[in-house]
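The values are calculated or read from the model by the stated rules, or taken from the named source; none is laboratory data. Keep in mind that this is a model prediction, so the values were computed, not measured. Positions of Cβ are generated from backbone atoms using ideal geometry, with glycine treated the same way; all protein chains shown enter the neighbour counts. Each accessible area value is taken on the protein alone, full model and side chains, heavy atoms only, with ligands, DNA and RNA left out. Shrake-Rupley method; radii C 1.70, N 1.55, O 1.52, S 1.80 Å.
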Amino acid sequence: MSRPSSDAEPVVAGLVRLSTVDWPGRLAAVVFLQGCPWRCTYCHNEAILDPRAPGTIDWSEVVAFLRRRRGLLDGVVFSGGEPLLSPALPAAVAEVRSLGFEVGLHTGGAWPRRLQALLDDGALDWVGLDVKHLPEKYAQVTGVPTSGRAAWQALDAVLASGIAHEVRTTVDPTVHTRDDVLRLAHTLESKGVHHHAIQEARPDGLAAAYKEAFEGWRLSDLLREEDLPRTERRAA
């Protein structure tokens, strides 16, 4: 296991060398950064939530890999955890761009000002933003009272920027009702979101007591596709 990185280098929790699904329409590598301030009910990535934990691969190795993939990959997606937590993210994004790659970001929007700074700098080409719930019910998912305000501010920043994006919502039957999801989908449409993917939470890797809530449950039990405005339904 690699040593923890300094602020000049991101702490890398994992690397997917080729993905066709993490950035729609692009062949991308995915760099997972360590740490997240939220503890979402359906999260099955507990190993990468603690920002104090060491990485699994040095950033220099990631860069070396990307140098070898120039001309073969379209872009690089920074994911997590929550990549906006890392103070090294802007420098890492700039380094990836200098290699000739487009850059995408998966984020829950926990730090909307940091996201805004990247958008203002033109550092990103695409954003995949998780909008987890209605603003007033956000803490039911994340466990953090202020998370809804931050995430919806991040959404406003993405929409105002005009950047290519996708908004994703993972439906968890322990915290979402049918009315919640329909209200959320129609609210997002009214704000100008045209790419909203509704995903089914996966119970794998979660505590046994939590898995019981998913016994025999499917997203189709909660929603009919015709009820939803301009959405794409898929498994998380």
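What do you reckon, is Arg67 open to solvent by 40 Å² or more (accessible area, probe 1.4 Å), of a type in the set (Lys, Arg) and in contact with a helix residue (DSSP H, G or I) (Cβ under 9 Å, 6 or more places away or on another chain)?
On the way: open to solvent by 40 Å² or more (accessible area, probe 1.4 Å): yes; of a type in the set (Lys, Arg): yes; in contact with a helix residue (DSSP H, G or I) (Cβ under 9 Å, 6 or more places away or on another chain): no.
Criteria not met by Arg67.
For the range 174-182, the criterion of being in contact with a helix residue (DSSP H, G or I) (Cβ under 6 Å, 6 or more places away or on another chain), part of a loop (DSSP other than H, G, I, E, B) and either surrounded by 17 or more Cβ atoms within 10 Å (Cβ to Cβ) or modelled with pLDDT of 95 or more (or both) is met by at least one residue.
Output yes when any residue across the range 23-33 is more than 27 Å from Leu99 (Cα to Cα) and part of a loop (DSSP other than H, G, I, E, B), and no when none is. No, the range 23-33 contains no residue that is more than 27 Å from Leu99 (Cα to Cα) and part of a loop (DSSP other than H, G, I, E, B). In the range 183-209, the qualifying residues are those that are at pLDDT below 75 and not in a helix (DSSP H, G or I), and the one that is surrounded by the most Cβ atoms within 10 Å (Cβ to Cβ) is Pro203.
Where helices (runs of 4 or more DSSP H) sit wholly within the range 80-143, none has at least 2 residues that are closer than 19 Å to Pro51 by Cα, open to solvent by less than 40 Å² (accessible area, probe 1.4 Å) and in contact with an Asp or Glu (Cβ under 8 Å, 6 or more places away or on another chain).
Could you list, in sequence order, all residues of the range 150-173 that are among the hydrophobic types (A, V, I, L, M, F, W, C), more than 14 Å from His194 (Cβ to Cβ) and either buried (at least 17 other Cβ atoms within 10 Å of the Cβ) or within 14 Å of the chain's Cα centre (by Cα) (or both)? Within the range 150-173, Ala150, Ala151, Trp152, Ala154, Ala157, Val171 qualify. Tallying residues that are touching a strand residue (DSSP E or B) at 6+ places or on another chain (Cβ under 8 Å), surrounded by fewer than 15 Cβ atoms within 10 Å (Cβ to Cβ) and either in a loop (DSSP other than H, G, I, E, B) or at pLDDT 95 or above (or both) within the range 43-60 yields 0. Please work out if Thr107 is hydroxyl-bearing (Ser, Thr, Tyr) and at pLDDT below 95. So Thr107 does not fit the description; no. Got at least one residue in the range 210-230 being basic (Lys, Arg), modelled with pLDDT of 80 or more and in a helix (DSSP H, G or I)? Within the range 210-230, not a single residue is basic (Lys, Arg), modelled with pLDDT of 80 or more and in a helix (DSSP H, G or I).
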